[in-house]
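Novice: Below: one structure in structure tokens.
Every read-out reported here was derived from the displayed coordinates using simple, explicitly stated rules and does not represent laboratory data. Treat the numbers as computed from the prediction; the structure is a model and nothing was measured. Glycine also receives a Cβ, built like all others from the backbone with ideal geometry; neighbour counts cover every protein chain displayed.
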Amino acid sequence: MSKSEQKVVQYLGEAHASEVGLVSVLRSQIAMTPRGSYRDDLEKHLGQTQDHARRIRERLGELEQGQNPVQVFVGFAETLVSQGFALSKTPFDLLRGSGGEEKVLKNAKDACATEALEIATYTSLERLATRVGDDQTAKLAASIRTDEEHMLERIMREIPKLTDAVVGADVMGKPSYDITKTGAADATRKAARQAKRSTSQTKARAKRTARQARKVPGAAQVEGQVKGAVASENDLAIARYDALTAEEIVSKLPELSQIELAKIDSYERKNDNRTTILGRITALRGQEPWPGYDELTVAEIEAVLGEGDEQRTKGVAAYERAHKNRAGVVSSAERETVNA
């Protein structure tokens, strides 16, 4: 696959992740919106969003023959993040605002921001595809962008009416509807179950792909970086991470694999962002002696060293001393160097 095709696949994957995440959000918003023109618009756009996801997935399928497995894993991870966001946001939509009218207005303002982001996403995808000569993807992006532009226009027309409904309910004491009678709670729980089920399926696909992806140089760091972006403290290789001092964490970093280092790097950057830890991680991060090295046992590494490749043996010795410093590996590497 050429560099231009790889970049198009990357952008298509990002767009697909966005559409998949939006499906669950739309379902929850529809559930708490009373019957009328705005709910009709949301229901129509839900159908469009599902169709967008299907069309993008089909185009990805046409382009992904022979795709770099690192990109496949990152695509899965992006979808996982979008689905996780939808799963966490769905019940939250029910809680905000003083009443049903304000909840719907806040959702509509969120929808405006989402549509603007999607318009930018598809504008960029269309431009990229046009520049690299992929007319089919460019036409697909333009078609979906038009749907998003029309939806943004419809929402903007509804904003004044939705605001008037808030004034009537919260200022004049004349609510226009009762959110408990829209089926919002039941529908929201259903949307959450659907998002959770979809997330589980994506996780299974990602796990199957991850081991293959790690055989590609640099894949371990990419995987760790993606995982760290959505990780909790319990997901990290260092126990009780948040309770430790920077010095305590730094002392444990050399024991970690490239995946684990990258995961902690992402986690630290989105939380405390301590330069002592990040600087040490930067010093430790680097290419494994060969792809997949960090997952091997001492015996498996020794078997490779026995093949007599002097350059690789020196690389193993240097990498091992800087990281796990396992006596068996270091001894084997030194012995093979002497015998070379």
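Novice: Taking 0.36 nm per residue of sequence separation and subtracting the Cα-Cα distance, how much length would be gained by fully extending the chain between R274 and E310, in nm to one decimal? Write down the numbers at each step before the final one.
Specialist: Working: separation 36, 0.36 × 36 = 12.96 nm, distance 3.86 nm.
Stretched fully, the R274-E310 segment lengthens by 9.1 nm.
Novice: Students often check this: by mean Cβ neighbours within 10 Å, which of 14-21, 252-259 ranks highest, and how do the rest follow? All intermediate terms of the calculation are to be shown ahead of the outcome.
Specialist: Numbers: 14-21: 22.9, 252-259: 18.5.
Result, highest mean Cβ count within 10 Å first: 14-21, 252-259.
Novice: Based on the Cβ-Cβ distance of E58 and H150, what FRET efficiency does E = 1/(1 + (r/R0)^6) give at R0 = 30 Å, to the nearest 0.05?
Specialist: On the way: r = 22 Å, r/R0 = 0.74.
Approximately 0.85, to the nearest 0.05.
Novice: While we're here: May I ask which of K3/K44; K109/K263; K7/K109; K44/K139 have a Cα-Cα span longer than 30 Å here? Don't jump to the answer; show the numbers that get you there.
Specialist: Working: K3/K44 37 Å; K109/K263 34 Å; K7/K109 32 Å; K44/K139 22 Å.
Check vs 30 Å cut-off fails for K3/K44; K109/K263; K7/K109.
Novice: Next up: Let's test the formula: R0 of 35 Å, r as the Cβ-Cβ distance of R131 and W290. What FRET efficiency results, to the nearest 0.05?
Specialist: Working: r = 36 Å, r/R0 = 1.03.
That pair, R131 with W290, gives E of 0.45.
Novice: Once label points are set 7 Å from the Cα along Cα→Cβ at both K174 and R240, what is their separation, rounded to one decimal in nm?
Specialist: Rounded to a tenth, the inter-label distance reads 6.2 nm.
Novice: Compute the FRET efficiency between I159 and S124 as 1/(1 + (r/R0)^6), taking r as their Cβ-Cβ distance and R0 = 45 Å, and round to the nearest 0.05.
Specialist: 0.95
Novice: While we're on this one: Just order 31-38, 44-51 by mean Cβ neighbour count inside 10 Å, highest at the front, would you?
Specialist: On the way: 31-38: 18.1, 44-51: 16.5.
Result, highest mean Cβ count within 10 Å first: 31-38, 44-51.
Novice: Under a plain spin-label model, where a point goes 7 Å from the Cα along Cα-to-Cβ, how far apart in nm are E255 and V330?
Specialist: 1.6 nm
Novice: Still on this structure: Report, by chain and number, residues whose modeled amide H sits under 5 Å from the one on R326, excluding near sequence neighbours (fewer than 5 apart, same chain).
Specialist: Correct list: empty.
Novice: For the pair V298 and Q50, how long in nm is the line joining their label points, each one 7 Å along Cα→Cβ?
Specialist: Those two pseudo-labels are separated by 5.7 nm.
Novice: Can you grab the distance from the C-alpha centre of segment 232-264 to the C-alpha centre of segment 293-310, Å, no decimals?
Specialist: 26 Å
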